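Just so it is clear, none of the values below were taken in a lab; they were calculated from the coordinates. Everything numeric in this text was worked out from a predicted model, so none of it was measured. In this analysis, Cβ positions are derived from the backbone assuming ideal geometry, glycine residues included, and neighbour counts consider all displayed protein chains.
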Amino acid sequence: MNWKTEIGIRALGEAHYDVYILMAQRVLRMAAYGITTLILALFFEQLGVSEAGIGYFMTLTLIGDVVLSYIVTFYADMMGRRHVLMWSCLAMAVSGAIFAISSNYWILLAAAVIGVISPSGDETGPFKSVEESTLAHLTTYDDRSDIFAWYGVMGTAGSALGSLGGGFVIDYLQNHMTKLEAYRWVFWIYTILSVLKFLLNCCLSSKCEENNTADDEREALIQRRHSEGEEDNHKTYGGLSKETLKTVTKLCILFGIDSIGGGFMPNSWVVVYFSRKFGIAERELGSILFSTTLVGSFSVILSSSVYKRCGPIWAMVLTHLPAAIAQILIPIPGQLPPAIVFLLIRAATTVMDVVPRQVFLASVVKPDERTKVMGIVNVVKTLARSIGPTFTGHLAQVGLLWLAFVIGGGLETVHDFGLLAFFSHLRHVR
């Protein structure tokens with residue numbers, strides 16, 4: 001295997017042009033999330049909102065995202081994936097514009113719940129589920145891990161550029177206006193990026209729709225355990241087979257535990273923690289987040305190689321467990337450099353489980369169930385992630401923000417051992 005095949009260059013070069021458009025959209029989206037994550041909690045502090053209020057805002061925003069994602073992804077194939085992505089882009093743009101002009105907490109909350117604002121800097125809204133399902137049927141099984149890896153690289157690269165660029169933009173704007181005014185300009189940038197994303201979406205071809213799935217798509221693992229016509233092929237809730245539902249239930253429990261842990265310390269609260277403990281400005285915070293996401297970009301490329309050698313489950317555990325341990329260690333140092341080292345270790349390993357997870361989900365169900373399953377899993381993850389911010393807000397209010405790192409890392413560790421307990425027998429999924 002030559003180096004181009006090893007890191008997915010060959011698969012990327014042979015991909016359909018829709019794959020490139022989806023990746024370009026993700027760069028813009030994650031750049032928008034990255035630039036706003038840097039200032040979201042600080043923006044509310046400038047508006048005089050308490051830490052508990054900020055925590056409630058993040059929780060309610062994620063709950064709103066759950067409702068939106070559930071409805072949209074469950075019927076995405078029926079409505080048309082391109083239309084779903086198009087309307088989501090418009091909702092994202094409207095949310096950014098409202099944040100740029102309003103100071104009312106409840107109006108901002110409504111804009112974030114109904115529209116698309118990411119409190120954590122991670123994926124939010126229906127974009128990820130629809131795009132992953134589309135990528136899965138635009139690529140062959142053998143190329144899927146490489147395409148998902150580069151899709152991940154585009155996301156972390158966009159987030160890195162957003163964090164770095166946001167830091168410098170805010171630093172420049174604050175020399176000419178107040179902090180609050182500078183933050184509002186950031187949300188105008190968010191709106192502009194959303195409009196550019198909408199224009200890219202208009203270039204997608206009809207091959208993105210579900211009915212273009214190739215007839216020779218490999219059968220899903222859980223379906224091959226039974227011959228055609230057996231009970232597992234009968235559809236149950238939401239048009240999913242019984243075997244699919246059983247597997248998805250286990251995955252939702254485990255991914256939910258992991259997301260609860262991740263929700264305790266989203267990037268918006270990481271910014272607040274480092275700002276308060278070490279007294280560093282937005283420009284330096286942007287550089288730190290840029291470094292972490294840049295490290296994550298390189299790690300994503302390697303994750304496809306790890307997946308090919310270890311299989312999906314061991315690849316997830318061997319990369320995710322060090323990230324959980326590093327998170328627990330972040331609040332221990334009293335000086336900035338060692339804290340950044342642990343943050344970088346977490347960044348280098350936490351995204352390496354994403355590609356194995358995406359490929360596992362895409363391969364474990366039939367093509368006609370894929371969008372629904374990915375939507376269900378992402379809804380569960382988002383709902384679980386909404387639990388943590390409220391508790392984190394209260395912990396911050398009583399001076400225990402560091403404890404959120406420990407709780408989050410501990411729950412993520414439970415997720416890793418749970419994966420081994422339920423799925424370690426699945427070395428490779430084909």
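For this structure, a couple of remarks:
- Whole-Hz couplings from phi, Karplus 6.51/-1.76/1.60, listed for the stretch 295-308; x for Gly and Pro: 4, x, 4, 5, 5, 4, 4, 5, 5, 5, 5, 4, 4, 5
- Normalised by the number of residues in the stretch 8-206, the average gap of Cα pairs under 8 Å and 6 or more apart makes the relative contact order 47 percent.
- Members of LYS250/LYS372; LYS197/LYS366; LYS207/LYS242; LYS179/LYS381; LYS197/LYS242 lying beyond 27 Å, as alpha-carbon distances in this model show: LYS197/LYS366; LYS207/LYS242; LYS179/LYS381; LYS197/LYS242
- For the stretch 240-429, the convex hull spanned by the alpha carbon atoms encloses 109 Å³ per residue.
- Taken along its principal axes, the alpha carbon cloud of the stretch 8-206 reaches lengths of 52, 35, 27 Å, longest axis first.
- Acute angle (nearest 10 degrees) that the helix 354-363 long axis makes with the longest principal axis of the chain, alpha-carbon atoms: 30 degrees
- Angle in degrees between helix 51-74 and the longest Cα principal axis of the chain, rounded to the nearest 10: 30 degrees
- GNM result for the chain, Cα springs below 10 Å: residue of ASN201, ASN104, ASN378 fluctuating most strongly: ASN104
- Average Cα contact separation per residue, the chain, under 8 Å, 6 or more apart, as relative contact order %: 28 percent
- For SER241, distant residues with modelled amide H under 5 Å away: THR236
- Straightening the chain between TRP188 and HIS394 buys 71.1 nm, computed as 0.36 nm per residue apart minus the Cα-Cα spacing.
- Highest-first arrangement of 9-20, 54-65, where packing means the average Cβ count within 10 Å: 54-65, 9-20
- With Cα atoms, 0 to 90° folded angle of helix 105-114 axis to the chain main axis: 10 degrees
- Pairs of Cα atoms nearer than 8 Å and 6+ residues apart set the relative contact order; for the stretch 240-429 it is 43 percent.
- Alpha-carbon geometry of the chain: the Rg and the Dmax are 20.6, 70 Å, given in that order.
- CD proxy at 222 nm, helix term only [per DSSP H run n ≥ 4: -39500 (n - 2.57); per residue of the chain; nearest 500]: -25000 deg cm²/dmol
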